[in-house]
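The values are calculated or read from the model by the stated rules, or taken from the named source; none is laboratory data. Since we're looking at a predicted model, the values are computed, not measured. Note that each Cβ is placed from the backbone with ideal geometry, even for glycine, and that neighbours are counted across all protein chains shown.
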Amino acid sequence: MGALRTPLTREQVLAQRDALPVFPRVIDDVLATLDDPDANVGDLVAHVGRDPVLAAQVFSIANSAASHTRRDGKVRDLYTATSMIGLARLRQTTIVTSLAGFLRGALPPGLSPGFWEHSAAAGVCARQVALHVHQPGDPALIAGLLHDIGQLWLFRFQPELFMEAWQVAVRREMTIDAAERERFGVDHAQIGAWLAESWDLPPPVCAAIRHHHAPDGALHEPLVAVLHVAEVLSNALDLGGSAPRVGYLSDAACEQLGLRWDESTESLFGRIDAVSHFISTYFRSHGVSEDVRA
Amino acid sequence: MTRNDDSTGAAAERKMRRQYLPFHEAAIGMVLAEPIRIMDRHVVRFTLPAGHELTDVNLRQLAAHGTEYVCIAVPDERSDEQVAADAAAAAARVMAIFEGADLSRPAMAALFERVLAYRSR
């Protein structure tokens, strides 16, 4: 088994960060509108206007909504489009579009499409679990989409050792995070949290990424339990990823969220199935999966 | 005669199934299998009951509220044999995904049972 002589440090991880695309700052604008819906909406709409890909997506959703009405002609004005789809949908669209663009640019050649399918599925599950337990959906969506960003870093900058760890996990000899710790001294959850902190993402999002495989020591942060359960659910419901499997589910995290997995949770599964179609289709239609297959 | 009527009714009930659809696939005439309840900052803004048949007006209202999905009742055209085969295939897939899971843990066991029931339908 290969391994680094000394454990990876935060400084080493962040020194390589600049080789990744610039993290989309519009995420800050999105998060700023969460507590005060009137704050920064203008900034958010202005950003949409400067981003042709995002604007096209907003117009597409607005015109889809308009097809259910008796409006004449297509929606061509951004403020009309924004008012039609609503602030919540605008935030969700902005998060998915901007992070899909970021992830597309960060893709190392040869990474399995399953990586992004799993990230998209975890994002959907995290948002729906958060809404199910009456928590804000948007931070959960961001945490879900980025929860395995540490694996991307490892694949990009330590590809041989990471693939060795991945194969060990595929053979079910140990979990992926344990195999990573043997080789790098840290796991992808820690690396992902370092990256998230460096991008000034909110502490709850960073904590959720840091503890998504082992949440019990950090359940004082509600998003930790949400992301842990969501990541397990994305595998349990077979929503994407290469060879999804369920290994560990924290009893304490489920208890904290009040999830009893009775018949009432089947509507949660149904919502996840329906909505996952939206994000996975978006990722595929914007070349994230195609890029990694190339 | 009565028995036939009962059997027919039971068969008709058995042959409906729930389906969750992204909202853009919702259409006039679809029947809701679950109520719709749209909340905004803890205030109920819009409701429709289970069993309601969607109208053009409903679809416009739901679009205006940014609805993401609907749960509808759809006829199940599959034969009993096909239903059993589909359930068996789904169960095999779920068991493969949970192969390494510790089902002695309460939460894991409950999740496994619920996913198995959901996917086997």
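Some values worked out for this structure:
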read-out	value
Members of the stretch B:36-94 found to be of a type in the set (D, E, K, R), at pLDDT 95 or above and under 20 Å from B:Leu21 (Cα atoms), listed by number	B:Glu53
Members of the stretch A:228-247 that are within 17 Å of B:Val94 (Cβ to Cβ) and surrounded by fewer than 17 Cβ atoms within 10 Å (Cβ to Cβ)	A:Ala243
Yes/no for A:Ala178 being assigned to a helix (DSSP H, G or I) and out of contact with any strand residue (DSSP E or B) (no Cβ under 6 Å at 6 or more places or on another chain)	yes
Residue in the stretch B:69-80 that is away from chain A (no Cβ under 11 Å) and closer than 20 Å to A:Val275 by Cα present	yes
Only listed residue being out of contact with any Leu (no Cβ under 8 Å at 6 or more places or on another chain), within 8 Å of chain A (Cβ to nearest Cβ) and closer than 21 Å to A:Ala225 by Cα, chosen from B:Arg114, B:Arg105, B:Arg93	B:Arg114
Residue list for the stretch A:99-110, restricted to those being surrounded by fewer than 22 Cβ atoms within 10 Å (Cβ to Cβ) and of a type in the set (Gly, Ala, Ser)	A:Gly101, A:Gly105, A:Ala106, A:Gly110
Contacts under 6 angstrom Cβ, first residue in the stretch A:209-222 being part of a loop (DSSP other than H, G, I, E, B), partner β-branched (Val, Ile, Thr), 6 or more apart	A:His211/A:Val224; A:Pro215/A:Val224
Residue check, A:Ala208 in contact with a Leu (Cβ under 6 Å, 6 or more places away or on another chain) and surrounded by 21 or more Cβ atoms within 10 Å (Cβ to Cβ)	yes
Qualifying position, being over 24 Å from A:Val48 (Cβ atoms), touching a helix residue (DSSP H, G or I) at 6+ places or on another chain (Cβ under 6 Å), in the same structural domain as A:Leu152 (by TED's automatic domain parsing) and at pLDDT 80 or above, among A:Ala122, A:Ala126	A:Ala122
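Here's the yes/no breakdown for (1) in the same structural domain as A:Asp273 (by TED's automatic domain parsing); (2) modelled with pLDDT under 75; (3) surrounded by 18 or more Cβ atoms within 10 Å (Cβ to Cβ):
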position	(1), (2), (3)
A:Thr33	no, yes, yes
A:Asp38	no, yes, no
A:Thr69	no, yes, no
A:Lys74	no, no, no
